[in-house]
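The values are calculated or read from the model by the stated rules, or taken from the named source; none is laboratory data. This structure is a prediction, so every number in the text was calculated from the model and none was measured. For neighbour counting, all protein chains shown are included, and Cβ atoms are generated from backbone atoms with ideal geometry for every residue, glycine included. In case anyone asks, the SASA skips ligands and DNA or RNA and just uses the protein heavy atoms, side chains included. Shrake-Rupley method; radii C 1.70, N 1.55, O 1.52, S 1.80 Å.
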Amino acid sequence: METGAQMSAKTNPLSYLTQTLDDLRAKGTAPRLRILEGEQKPVCTIDGKEVINLSSNNYLGLTTHKALRKAALEATRKYGVGAGAVRTISGTMTVHMELERQIAKFKNTEACVVFQSGFTANAGTVSAILGKEDLIISDELNHASIIDGCRLSKAAIKIFKHKDVADCERICKETENFPGRKLLITDGVFSMDGDIAPLPQLCDLAEKYNCIMMVDDAHASGVLGRGGGRGTVDHHGCHGRVHIQVGTLSKAIGAMGGYVCGSRDLIDYLYLRARPFFFSTGHPPSVAATCQAAFALLDSPDGEKLIKKLWANTKYFKRLLKKKGFRFEGSETPIIPIHVGDAAKAFEFSAKLFDAGLYAPAVGYPTVAEGKARLRAIVSATHKRADLERAAEILSEVGKSLGVV
């Protein structure tokens, strides 16, 4: 005799999703989407409640900057609201090419291509330049977009322990005579722990073992490096040693999209072979113009002031948290992980913080490994000292009540 679940599956072939959701909800690990009402600011209204916002990648507060607003409005009036086609047909507009030249100059590379998102920039690039006869050597904590790009390429994949240069060299030695192409790939700043890759040492290995060197600088651009935050390549002085630099337009830049920088031939090849690029409509002109305004700002004294404020706020908030008993030894950037371990407890911690006036979302599996759940707090240049002081108080009070600190 058929069970209720079997009968349900016959009438609704997606019924297994309902069961999975019910299980996650029972465990307390299926949070609903929270709704931001109004602007993305350091203190904002979410689900009708005013909260201190430690959840945003808006490192420099550019999502609401007046220069970016002005650029978006002017571009809309001049070009309309959309590109109207994929970039390889008639969707490449003047603003797209101007932006790509501007980013290439900012990153000190020959050329740049803008993708529709940072995720597609990584996934589209890795899968375009490598095939099943090739090899990828990847940090175990690299972003999901890198992981997906590696899988799509069908190349062989070898994983080295997080930031472990010796383990990476072990793999390089073992595969020294691999007949295909080899790619060594790492995040510049790791998004869940806020630590920085040992890029100079990885570049040494790439050169020694004849690997393509690729860095995803999504959380480093506009944050690390000289003159407006040119990323980990600049931070470590590795110009000319990294063949492929990936970045995002949706974090410090404050808008939407991703990009890849490198040689002119690399970019021309991606125009022709990166599937997300040539199967997606080009950015709306307002978005491209917004990003142009953001990079112009980063290249100005005002941009440098914002980055200095970001780092001053980061150091201040970390000092406050350490005084409250929190430990986050790995973090070297404005990303501050507050480790909890158990996912249900992490989501409970986040919910209670929200009730107390602080939004710091929990992160669990599959974003991080089982048993590694945490809250991820991100500081911005636009937080006021009073915001950070109150945030530390709330974290301490709620954390103590749950035995987290």
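Note down the magnitude of the dipole of the stretch 288-369 about its Cα centre, charges +1 on Lys and Arg C-beta and -1 on Asp and Glu C-beta and zero elsewhere, to the nearest 20 debye.
The calculation lands at about 500 debye.
Hey, which of these cross-link pairs are over 30 Å Cα-Cα: LYS324/LYS384; LYS163/LYS323; LYS78/LYS251; LYS163/LYS322; LYS182/LYS322?
Long pairs (Cα-Cα over 30 Å): LYS182/LYS322.
Net charge around HIS383, counting only other residues with Cβ within less than 12 Å of its Cβ (Lys, Arg = +1; Asp, Glu = -1)?
That works out to +3.
Towards the positive end of the charge dipole of the chain, with charges on Cβ (+1 Lys, Arg; -1 Asp, Glu), say which of ILE46, GLY225, ILE338 has the farthest Cα.
ILE46
Does the chain come out rounded, prolate or oblate by the C-alpha gyration tensor, with a ≥ b ≥ c the root eigenvalues, rounded set by a/c under 1.5 and, if not, prolate when a/b is larger than b/c and oblate if not?
It is rounded, given that a/c, with a ≥ b ≥ c, falls under 1.5.
Considering Cα pairs under 8 angstrom that are at least six residues apart, work out the relative contact order of the stretch 274-405 and quote it in whole percent.
For the stretch 274-405, the relative contact order is 26 percent.
Of ILE212, HIS236, PHE190, which is farthest towards the positive pole of the stretch 183-287's charge dipole, taken about the Cα centre with +1 and -1 on the beta-carbons of Lys, Arg and Asp, Glu respectively?
So the residue we want is ILE212.
How much of the accessible area of the stretch 138-267, probe 1.4 Å, is carbon plus sulfur, in whole percent?
Solvent-exposed carbon and sulfur of the stretch 138-267 make up 49 percent of the total.
Quick check: Cα centre of the stretch 57-104 to Cα centre of the stretch 197-244, how many Å?
26 Å
Over what distance in Å are the Cα centres of the stretch 123-139 and the stretch 367-405 separated?
Taking the Cα centre of the stretch 367-405 as reference, the centre of the stretch 123-139 is 36 Å away.
How many angstrom lie between the C-alpha centres of the stretch 144-173 and the stretch 266-339?
If we compute the Cα centre of each part, the gap is 24 Å.
Under unit Cβ charges (Lys, Arg +1; Asp, Glu -1), what dipole magnitude, rounded to 20 debye, does the chain have relative to its Cα centre?
In total the dipole reaches around 820 debye.
Under a 10 Å cutoff between Cα atoms, tell me which one of THR29, THR290, THR186 has the largest fluctuation in the Gaussian network model of the chain.
The residue that fluctuates most here is THR29.
Identify which of ALA274, ALA255, ALA30 has the largest mean-square fluctuation in a Gaussian network model of the chain, with springs joining Cα atoms closer than 10 Å.
ALA30
Would you mind calculating the gained length between LYS322 and ALA356 on full extension (0.36 nm times residue separation, minus the Cα-Cα distance), in nm to one decimal?
Additional length available on full extension: 10.2 nm.
Between HIS236, HIS219, HIS283, where does the largest GNM mean-square fluctuation fall for the chain, given springs only between Cα atoms within less than 10 Å?
In this elastic network of the chain, the residue with the biggest mean-square fluctuation among HIS236, HIS219, HIS283 is HIS236.
Which value, in debye to the nearest 20, describes the size of the charge dipole of the stretch 194-234 about its Cα centre when Lys and Arg Cβ atoms bear +1, Asp and Glu Cβ atoms bear -1, and nothing else is charged?
Using Cβ point charges on Lys, Arg, Asp and Glu, the stretch 194-234 gives about 120 debye.
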